[in-house]
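The values are calculated or read from the model by the stated rules, or taken from the named source; none is laboratory data. From a predicted model like this one, the values you see are computed outputs, not experimental measurements. Heads up, the Cβs are rebuilt from the backbone with ideal geometry, glycines too, and the neighbour counts pull from every protein chain shown. The area values use the complete protein model at the heavy-atom level, side chains included, leaving out ligands, DNA and RNA. Shrake-Rupley method; radii C 1.70, N 1.55, O 1.52, S 1.80 Å.
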Amino acid sequence: ASAQFQLAVPVAVVFAPGSVPGDLPRPLPFRDVQEMEIAVNLRTSITSRYETVYRSTTAQEEAALDVATAREADAALHLLQDASLGALTVYVVPETSSHLPQGISIYVGRHRSALVRAGGGLATLRTRLQQLTQVMSFTASSIAAALSDRVPDGQLGPDARRHLKSSLGYEITFSLLNPDPKSHAVNWDIEDAVNRYVQPVLDKLSLVANFSVDSQILYYAVLGVTPRFDKESSSFLLSAHSLPHVINPVEARLGSSAASLYPVLNFLLYVPERSHSPLYIQDKDGAPVSTNAFHSPRWGGIMVYNVETPASPQASLPLHVDVDMVRVMEVFLAQLRLLFGLSQEELPPEFLLESPGNEGLADWELDRLLWAHTVENIATVSTTLTSLAQLLDKIGNIVIKDDVASEVYRAVTSAQSAMAKLAVGHLHSAFQASKEAVTSSERAFFDPSLLHLLYFPDDQKFAIYIPLFLPMAVPILLSLAKIVREARQRKKEPTKMD
C-alpha cells in the first residue's frame, strides 16, 4: 500500500546575547520552514518539515546559561525548555563562549537541547542546524531501516537489519552458561545488576514498549564450535566466521522464545570449561575483540567470561568464581543499545555528545526511536490490512463479524490519526495512535472467526459433503425421475369423457 508520510519537527533556535548573526533576513522573533524529501520507494515517500522558530533568550534562559560548563547549562536549561517529545531547542552561544571546549562547535546534551557556537553567519548556522537535526531526530537511513520491508535491499545500510522490529513488548533473558560445573562454581548477582544497570534504561524505554526480564543458569551447556588452540598465546580462539555456528546448539537449551508472544532478547554470559580456558574471540582481521563479546542482529549477544587459573595446581575444585557484574553489564547494555538502533553513527569532529549517564539513553535518543517506530507501526498496519483485504477477496463466502469490522475501522482511524499527528509534530500522541492501530489490525487479522474459515476452501467442502449427501440423494433422484415419468404418461393417456 502506498503511504505519504509527513514528519514535522518543531525546532526552537534561541540566540544568547552577542550571538545573533548579522545577516538574519528579518528581526527576531520569526518563523522558518525547511522541507526535505526522503524517497523510500515508488509508493512510499517521506517529507520531513523542520518548523523553526528563531528568537532571543529570555531572562531565565540567560541566567541558566550563566554557568561554568555545558553540562550545567544543559541541566539548568532542561527545566525551561519545551519538554514535548520530538521537539528540539538549540541555544546559540557567542563565538568566545567558554561553555564549549576548544575545537567543539556543537554540544548535544542529555535532554532535547544542544549548544551551538555562533560564527560564520546564517549559512554556517543553518548547516550546523541540519547536522544537529540529523543526529537528534531522524535520518534518511534511520527511517529507511524502519521501513526495511519496503526498501530495495541495495539501498539499505549494513545496520538496517540489525535493529529489532517494532513490537508492543520485548522479553529480555540473561543466561549464565556454565559448561563445567565440576571445575567452576560460578556466582553472579544478576538481580542486583538488573536493578542497578538495566532497570533505569527499561524505565526510560517503557514509553516504547513493555519489557519483562528474567534470568537463568544453564549447566553443561556448551558452544556449538570447538575453539582452536593457539600455541603462541597458549589460549583458545574463536574466529569471527565460526561465531554464527555458536548460537544454534545453545539456543536449543534456552527455551524462552518458544512460549513468548514478543521478541526475545538473549544475553548470554559464557564461562568456558577449564579445558578450553582462556578463550578469546577474534574479529575478521584476527585481532582479539576487546570486550570478548559479540552480538547477533535481532537475537541478542554472547560474552565470554574467562576465569583466572589458580597459581597452585593443588587448588581444590570447583573454583569459586564471583562474576564482575559491572564489566558484564557494560557490555550487555552496549549490545542492547545496538539492537534498538541507538548506536551512534560517525559524527563530525566538532560534535561533543554528553554521555546519557545511568539512564542509559538521552531524551533525544528516545525520540529518535519513537520517530522510527511510529513510521514502522503505520507501515505495518498498512501491510496487515492490505493482506487481510486480499485474503477476504479470495474467499468469497466468508462472513465478517461486526467486531472484526470495527477493529479494521479502528485500525484505519488510528493509523490516519497517527499520520496527522506526525504531520503537526506531536510525536507522543502519534506513537500512541500507531500502537493502537497495530493492536487493532492484528486483532482483526488473527480473529478466530476468520481463522477457521481460511482453512476451508471450496474444493474441501465438496470433498467433505459429497459422501454425506450421495446416499440420500440417490433415492431422492430416483423418486423424482419416477414422478416425471408418471406425469408424462398421464399427459399421453386420453381423458375419458362420460
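Restrict the check to the range 336-359 and report whether at least one residue is without any contact (Cβ under 8 Å) to a residue 40 or more places away in the chain and either hydrophobic (A, V, I, L, M, F, W, C) or at positive phi (or both). Yes, because at least one residue in the range 336-359 is without any contact (Cβ under 8 Å) to a residue 40 or more places away in the chain and either hydrophobic (A, V, I, L, M, F, W, C) or at positive phi (or both). State all residues of the range 35-55 that are in contact (Cβ under 8 Å) with a residue 24 or more places away in the chain, touching a helix residue (DSSP H, G or I) at 6+ places or on another chain (Cβ under 9 Å) and open to solvent by 30 Å² or more (accessible area, probe 1.4 Å); if no residue qualifies, say none. Across the range 35-55, the qualifying residues are N41, R49. With respect to A473, is the statement that it is surrounded by fewer than 10 Cβ atoms within 10 Å (Cβ to Cβ), of a type in the set (G, A, S) and modelled with pLDDT of 80 or more true? In short, no. Scan the range 93-115 for residues that are outside any strand (DSSP E or B), surrounded by 15 or more Cβ atoms within 10 Å (Cβ to Cβ) and out of contact with any Pro (no Cβ under 8 Å at 6 or more places or on another chain) and the total you get is 8. Against the list (1) open to solvent by 40 Å² or more (accessible area, probe 1.4 Å); (2) assigned to a loop (DSSP other than H, G, I, E, B); (3) under 27 Å from A145 (Cβ atoms), the condition S260 fails is (1).
Screening E61 with (1) in contact (Cβ under 8 Å) with a residue 40 or more places away in the chain; (2) within 24 Å of S84 (Cβ to Cβ); (3) outside any strand (DSSP E or B); (4) out of contact with any Phe, Trp or Tyr (no Cβ under 9 Å at 6 or more places or on another chain) gives one miss only, at (4). Can we say A59 is over 12 Å from V11 (Cα atoms) and open to solvent by less than 10 Å² (accessible area, probe 1.4 Å)? So A59 does not fit the description; no.
Counting the residues of the range 278-304 that are in contact with a His (Cβ under 9 Å, 6 or more places away or on another chain) and in contact (Cβ under 8 Å) with a residue 40 or more places away in the chain gives 4.
If you go through the range 366-381, how many residues are among the small types (G, A, S) and either out of contact with any helix residue (DSSP H, G or I) (no Cβ under 7 Å at 6 or more places or on another chain) or open to solvent by 50 Å² or more (accessible area, probe 1.4 Å) (or both)? Final tally of qualifying residues: 1. Residues in the range 208-252 that are open to solvent by 40 Å² or more (accessible area, probe 1.4 Å), part of a loop (DSSP other than H, G, I, E, B) and among the β-branched types (V, I, T): 2 in all.
Give the residue, chosen from V404, V408, V375, V381, that is touching a strand residue (DSSP E or B) at 6+ places or on another chain (Cβ under 7 Å), among the β-branched types (V, I, T) and part of a helix (DSSP H, G or I).
Details: V404 fails: touching a strand residue (DSSP E or B) at 6+ places or on another chain (Cβ under 7 Å); V408 fails: touching a strand residue (DSSP E or B) at 6+ places or on another chain (Cβ under 7 Å); V381 fails: touching a strand residue (DSSP E or B) at 6+ places or on another chain (Cβ under 7 Å).
When all the criteria are applied, what remains is V375.
Total residues in the range 161-191 satisfying the condition of being over 18 Å from L336 (Cα atoms) and not in a strand (DSSP E or B): the figure is 7.
Would you check if there is a residue in the range 274-293 being of a type outside the set (V, I, T) and in contact with an Asp or Glu (Cβ under 8 Å, 6 or more places away or on another chain)?
As a first pass, look at the range 274-293 and keep what is of a type outside the set (V, I, T): 274-280, 282-288, 290, 292-293.
Now restrict to residues that are in contact with an Asp or Glu (Cβ under 8 Å, 6 or more places away or on another chain): 274-275.
Yes, because at least one residue in the range 274-293 is of a type outside the set (V, I, T) and in contact with an Asp or Glu (Cβ under 8 Å, 6 or more places away or on another chain).
Number of residues in the range 317-327 that are open to solvent by less than 20 Å² (accessible area, probe 1.4 Å) and either under 19 Å from V264 (Cβ atoms) or at pLDDT below 90 (or both): the value is 1. Give the residue that is farthest from S105 (Cα to Cα), with candidates limited to residues of the range 69-82 that are aliphatic (A, V, I, L, M) and open to solvent by less than 70 Å² (accessible area, probe 1.4 Å). Here the residue is L80. Return a yes/no flag: does the range 287-308 have any residue that is over 22 Å from I172 (Cβ atoms), at pLDDT 90 or above and open to solvent by less than 30 Å² (accessible area, probe 1.4 Å). No, the range 287-308 contains no residue that is over 22 Å from I172 (Cβ atoms), at pLDDT 90 or above and open to solvent by less than 30 Å² (accessible area, probe 1.4 Å).
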